[in-house]
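Novice: Can you keep this structure in mind? I'll have questions shortly.
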């Protein structure tokens, strides 16, 4: 291997990403829709249609858009929508997008004023600048807008209507998470105990970002101990240090289910007792607990532990005793 090849060899988890749709694990319905759009564009000699990707954080929306740009062989410009606070910053992003893909991550965080301005650009393919009594228009390159959002309700309806494809990402199965972890280990030449894949998948909360974070934590423990192979015991040690349960619950989630052991509670009471806002509870603490059936909501909004939630809480307390 020459020096250039060595420099290209990935050494960190963040250095590894899929290079084609065939390398993307999971999200088969999204991959198929995007691949068809790419093939249709090549057949007709047209640019890719606008796409909106919806789904919770950590499911790989950005990685999919990077692969999409590679498949289309076009430049890729990524902008975090919340960094755009005025018309000048929006115009700068639009003018720098070249004839490729402009990816607006968390597009719902655009102020409604900027969303309306973006709507006009998509319709007219021009930027309109007001100067005194005159209005100047500047043509923009024939870019494709790709939006990613964790909150589609934050977008104005006319803007959503401009996206020719609105695709929703699913959570991952344990098997898919295990394959993603294995893929990263192979790409980075990390040796691992075979049982490690299932153990990480069990704690990954159906989310690749979380599973890969656990992989990184386990490897740090292994490296700190001077060992070359990542083993289950390294993962368990990392989870013990970071207070992550066998089902992937973090410290806040464990505190949440402990508060529900005596009796059912309302959302505002739980948020007050944990010390966070109700928005944090509903957006980050509750989703997996409800999705996994550890916690259930009654018709009047009360949160209560399910039988499996009580069993897992007993397991957590026996491990920490």
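Novice: Would you confirm whether or not region 241-263 contains a residue that is in contact (Cβ under 8 Å) with a residue 60 or more places away in the chain, out of contact with any strand residue (DSSP E or B) (no Cβ under 9 Å at 6 or more places or on another chain), in a helix (DSSP H, G or I) and under 24 Å from residue 317 (Cα atoms)?
Specialist: Yes, region 241-263 has at least one match.
Novice: Hey, another quick one. Does residue 177 fit the bill of being assigned to a helix (DSSP H, G or I) and modelled with pLDDT under 95?
Specialist: For residue 177, the condition - assigned to a helix (DSSP H, G or I) and modelled with pLDDT under 95 - is not met.
Novice: Which fully enclosed helices (runs of 4 or more DSSP H) of region 2-90 have 3 or more residues being under 15 Å from the mean Cα position of the chain (by Cα)?
Specialist: Once the helices (runs of 4 or more DSSP H) in region 2-90 are filtered for at least 3 residues that are under 15 Å from the mean Cα position of the chain (by Cα), what remains is 61-72.
Novice: Let me ask something else. Mind listing whichever residues of region 180-190 are surrounded by 15 or more Cβ atoms within 10 Å (Cβ to Cβ) and outside any loop (DSSP other than H, G, I, E, B)?
Specialist: Those that are surrounded by 15 or more Cβ atoms within 10 Å (Cβ to Cβ) and outside any loop (DSSP other than H, G, I, E, B): 180, 181, 182, 183, 184, 185, 187, 188.
Novice: Which ones in region 268-277 are in a helix (DSSP H, G or I) and surrounded by fewer than 16 Cβ atoms within 10 Å (Cβ to Cβ)?
Specialist: Scanning region 268-277 gives 268, 269, 272, 273.
Novice: Does region 13-50 hold any residues that are exposed (fewer than 10 other Cβ atoms within 10 Å of the Cβ) and modelled with pLDDT under 85, and which are they?
Specialist: 14
Novice: Kindly indicate whether any position in region 100-112 is without any contact (Cβ under 8 Å) to a residue 40 or more places away in the chain and surrounded by fewer than 18 Cβ atoms within 10 Å (Cβ to Cβ).
Specialist: yes
Novice: Further question: Here are the criteria: (1) at pLDDT 95 or above; (2) within 23 Å of the chain's Cα centre (by Cα); (3) assigned to a helix (DSSP H, G or I). Tell me which single one residue 223 does not satisfy.
Specialist: All conditions are met except number (2).
Novice: Checking residue 128 against (1) loosely packed, with under 15 Cβ neighbours inside 10 Å; (2) in contact with a strand residue (DSSP E or B) (Cβ under 6 Å, 6 or more places away or on another chain); (3) under 20 Å from residue 55 (Cα atoms), only one condition comes out false. Which one?
Specialist: All conditions are met except number (3).
Novice: Further question: Check whether at least one residue in region 138-149 is in the same structural domain as residue 105 (by TED's automatic domain parsing), in a strand (DSSP E or B), farther than 17 Å from residue 52 by Cα and modelled with pLDDT under 95, and report yes or no.
Specialist: Yes, region 138-149 has at least one match.
Novice: Something else about it: Restricting attention to region 93-117, and to residues there that are within 22 Å of residue 66 (Cα to Cα) and assigned to a helix (DSSP H, G or I), which single residue is modelled with the lowest pLDDT?
Specialist: Ranking the candidates gives 95 first.
Novice: If you scan region 280-302, which residues turn out to be over 18 Å from residue 205 (Cβ atoms) and in contact with a helix residue (DSSP H, G or I) (Cβ under 8 Å, 6 or more places away or on another chain)?
Specialist: The answer is 297, 301.
The values are calculated or read from the model by the stated rules, or taken from the named source; none is laboratory data. The structure displayed is predicted, hence computed values, not measured ones. For neighbour counting, all protein chains shown are included, and Cβ atoms are generated from backbone atoms with ideal geometry for every residue, glycine included.
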